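Note sheet for the following structure.
Just so you know, all these numbers are worked out from the coordinates, no wet-lab data involved. Treat the numbers as computed from the prediction; the structure is a model and nothing was measured. Positions of Cβ are generated from backbone atoms using ideal geometry, with glycine treated the same way; all protein chains shown enter the neighbour counts.
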Amino acid sequence: MTTYKEIKGQLIRSVSSDPANPQVGEIWYNNTIGVLKGYQSIGGAISSGGNLNTGRRTLAGAGTQTAGIAIAGGPPSVTDVEEYDGSTWTSATGIPTATQQMGAGGTQAAAIAFGGQVVPPFGVVQNETYEYNGSSWTNGGDMGTGRYNLAGCGTQTAGLATGGTTVNPSPPPNFIGRDLTEEYGGTSWTGGGTYPIGVSGIRTAGTQTAAIAAGGAQAGAWIVANANEYNGSSWTSTGAMSQQNEGGAISGIQTAAIYAGGYGGPAAPSSTTRDRIEIYNGTAWTTQPATLTIARNELAASSLGPTTQTMFFGGPSPVGASQLTEEWNDPSFAARTLTTS
């Protein structure tokens, strides 16, 4: 029988305590507790990141886990913008108009944010587009139809806006979700393929020509689990999420996306916030063993992060708006006791 020494060229070390900085694949015998251990992948895991300086919900996010951007939010609506370097959030130039529930896309140095609403007063829906160059914001072309609680993805020169609400009736939640899709070319918006259903609180990831959209709520606040893919001209149904969800956060590309949090269904009056994390592989969604530390909706994500490395931030908390940032890494590694199968 082949031995460990023949495979690795060394014997398994016997130590009194686990190594402080083990290497992936390293194996040792802990003689204090009498077990064989190894440093292995434990799959995807959530860990704490640096707190936002300004706690918010209904904010927009873009960029990556090591170069992210948090945009506006509320309530009440704020102009605050912050940049993340992988450990710390730093205040940046604020967006021109205090807005919440915007769509966004792009990178930390070339972001785009659009739509949303101003609160208070209640019901001022926006169609403005703002572009960020890493230091300042400028006005872009207005959306054809102003909306809030819409989905955004893509880049500053090739953005995508999907769903959302165009009016703010009283009382909520009897909003009107829309089936509108618009595409941004860097200066102006044009109509895109009609979404299969009218939804608000939908979330999208990917590019203008290869996007994945998931969840959302229809008129009357019926929350759905539907997911659809966009090819640059039309939407096609794909595998549904495991449960109805709206207002969570999504990151990734059309064939590898990750969705976290949200508001569960089927209907808003009986809904609860979720801590669930699901991953999409281009065909189906898989619920992950790991969850968010705190169940919440109206949070944001580093939209360009792959399913192996992204972050989620903001959202509500028991006492208001959260500063919480949580980082997702897959695989994550840890020392594990080795057993026979």
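Quick one: V78, V24, fewest Cβ neighbours within 10 Å first, how do they rank?
V24, V78
Arrange F312, F122, F333 by Cβ neighbour counts within 10 Å, fewest through most, would you?
Fewest-to-most Cβ neighbours within 10 Å comes out as F122, F333, F312.
So, R0 is 22 Å and r is the distance between the beta-carbons of T79 and A109; what FRET efficiency does that work out to, to 0.05?
0.70
Where does the chain land at 222 nm, in deg cm²/dmol rounded to the nearest 500, when only DSSP H runs of n ≥ 4 count, each adding -39500 (n - 2.57), divided by all residues?
-500 deg cm²/dmol
In nm, give the distance between the simple-model label positions of S237 and T90, each being 7 Å from the Cα along the Cα-to-Cβ direction.
For the pair S237/T90, the computed spacing is 4.9 nm.
With a ≥ b ≥ c taken as the square roots of the eigenvalues of the C-alpha gyration tensor of region 185-256, please select rounded if a/c is under 1.5 and otherwise prolate if a/b is larger than b/c or oblate if it is not?
Prolate shape, in that a/c is at least 1.5 and a/b is the bigger ratio.
Just to confirm a number: summing +1 for Lys and Arg and -1 for Asp and Glu over residues other than A227 whose beta-carbon lies under 14 angstrom from that of A227, what do you get?
Net local charge, A227 excluded: -2.
Tally Lys and Arg at +1 and Asp and Glu at -1 over the other residues with C-beta under 11 Å from the C-beta of D275: what net charge comes out?
For residues surrounding D275, the net value is +2.
Once fully extended, how much extra length lies between N133 and D18, figured as 0.36 nm per residue of separation less the alpha-carbon to alpha-carbon distance?
Full-extension gain reported as 36.7 nm.
Taking the number of other C-beta atoms within 10 Å as the exposure measure, put T325, T204, T138, T93 in order starting with the fewest.
Exposure proxy ranking, most exposed first: T138, T93, T325, T204.
Hey, got the dipole for region 1-153? About the Cα centre, +1 on K and R Cβ, -1 on D and E Cβ, debye to the nearest 20?
Once rounded to the nearest 20, the dipole reads 560 debye.
Could you grab the relative contact order for the chain? Cα pairs under 8 Å, six or more apart, rounded to a whole percent.
16 percent
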